[in-house]
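In what follows, a structure is listed as structure tokens, so that the remarks can point back to it.
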Amino acid sequence: MDNWDEIRTAYQVARRGTVSGAADELGVHHATVIRHIDALEQRLGVKLFQRHARGYTATEAGQDLLQVAQATDDQFTQLAGRIKGQGEGVSGDLVITSLDILSRTLTPIMVAFQTEYPEVRVRYRTGDRVFRLEYGEAHVAIRAGRMPEEPDNVVQPFMKQRVALVASDSYIARFGLPEGEADLPNHRFVVDDSDTSRAPFARWLRSHVPEDRFMYRATDIRNMQGAIVAGAGIGFVTVQELAANPFLTEVLPSLDDWSAPLWLVTHVDLHRTTKVQAFLRFLKDRFKDQLEA
């Protein structure tokens, strides 16, 4: 591609959703933005945006191009900062991805990081889909389970995410607490709706409790936690969630078999950028005691 200005313009249109917003960000006339988009679509032979009354929405082809453009734009920003002698500055978008279950743990840390670096715009992406670092979908990924093996990624061991098997006050009032592990099949449980979950605690539960005792299933971790608190059944939450909720009681002592290793994953092209390194140091410092244990 021989015209970065056109790609950068398309990137800003996707971010802002309108021609006027992109023009303001780039400091150009709106006619220039439209000309760049038209020229880029003609050169590629595909539509990058769907035009509608409220603005522009990227097509599938547009998303593919713009994910690469985002990573490239970030690298250019870091390069410009180093050239200008401002390499220590930490600003712009910081995109972090993890599983939903880690949000209570990570959110206060991201907010604290933003307080220390107010020019950073945090974008936190959760869900079961693995966001691809090589396409610029995230700067830092916190992954669980087996060590990630994607090429061109820098993978560092982080810590173990401990979970607790709990029941709410309302559940205990109706059904009581299990009298040990052997009594678990006599109780009701809240579980993930997927029977193929690879989470260690999910596999453990499937091996100790018959499926007909899984009385409430959900695909969203927040809904599962809400159901546990509401008394639908016994279920797993993070130890951070247990500590923050006075209405939950541990059913059994937490087992190492339930814990999943967490990994910090960054792409090799962005791993040593000032912004990424600043966040990694900040994150590790918050968990220093657990990392040294």
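Among the residues that make up region 205-213, is at least one of them of a type in the set (D, E), modelled with pLDDT under 90 and either open to solvent by 20 Å² or more (accessible area, probe 1.4 Å) or in contact with a strand residue (DSSP E or B) (Cβ under 8 Å, 6 or more places away or on another chain) (or both)?
At the first step, the residues of region 205-213 found to be of a type in the set (D, E) are 211-212.
Still in the running and modelled with pLDDT under 90: none.
There is no residue in region 205-213 that is of a type in the set (D, E), modelled with pLDDT under 90 and either open to solvent by 20 Å² or more (accessible area, probe 1.4 Å) or in contact with a strand residue (DSSP E or B) (Cβ under 8 Å, 6 or more places away or on another chain) (or both).
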Taking the stated definitions as given, is L184 open to solvent by less than 20 Å² (accessible area, probe 1.4 Å) and under 31 Å from the mean Cα position of the chain (by Cα)? no
Provide a single number: the residues in region 46-62 that are in a strand (DSSP E or B) and surrounded by 14 or more Cβ atoms within 10 Å (Cβ to Cβ). 5
Filtering region 269-284 for residues that are touching a residue at least 40 places away in the same chain (Cβ under 8 Å), out of contact with any helix residue (DSSP H, G or I) (no Cβ under 8 Å at 6 or more places or on another chain) and basic (K, R) leaves a count of 0
Those residues of region 256-285 that are open to solvent by 60 Å² or more (accessible area, probe 1.4 Å) and either part of a helix (DSSP H, G or I) or not charged (D, E, K, R) (or both) come to a total of 6
Can you name every residue in region 111-128 that is modelled with pLDDT of 90 or more and not basic (K, R)? V111, A112, F113, Q114, T115, E116, Y117, P118, E119, V120, V122, Y124
For region 106-157, which residues satisfy the criterion of being buried (at least 18 other Cβ atoms within 10 Å of the Cβ), within 29 Å of A202 (Cβ to Cβ) and small (G, A, S)? A138, A141, A144
Flagged in region 237-255 as outside any loop (DSSP other than H, G, I, E, B) and either more than 21 Å from R146 (Cβ to Cβ) or over 20 Å from the mean Cα position of the chain (by Cα) (or both), in numbering order, are V237, V239, Q240, E241, L242, A243, A244, L248, T249, E250
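Could you list, in sequence order, the residues of region 1-27 that are open to solvent by 60 Å² or more (accessible area, probe 1.4 Å) and not basic (K, R)? Don't jump to the end; show me each part of the working.
Applying the first criterion (open to solvent by 60 Å² or more (accessible area, probe 1.4 Å)) to region 1-27 yields 1-2, 4-5, 8, 15-16, 20, 24-25, 27.
Result: M1, D2, W4, D5, S20, D24, E25, G27.
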Which is modelled with pLDDT under 95, surrounded by 19 or more Cβ atoms within 10 Å (Cβ to Cβ) and aliphatic (A, V, I, L, M), of A218, A199, A244? A199
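The values are calculated or read from the model by the stated rules, or taken from the named source; none is laboratory data. Every value quoted in this text rests on a predicted model; they were computed, and no experiment measured them. Cβ: placed from backbone, ideal geometry, glycine included. Neighbour counts: every protein chain shown. Side chains are part of the model used for accessible areas, which takes the heavy atoms of the whole protein and leaves out ligands, DNA and RNA. Shrake-Rupley method; radii C 1.70, N 1.55, O 1.52, S 1.80 Å.
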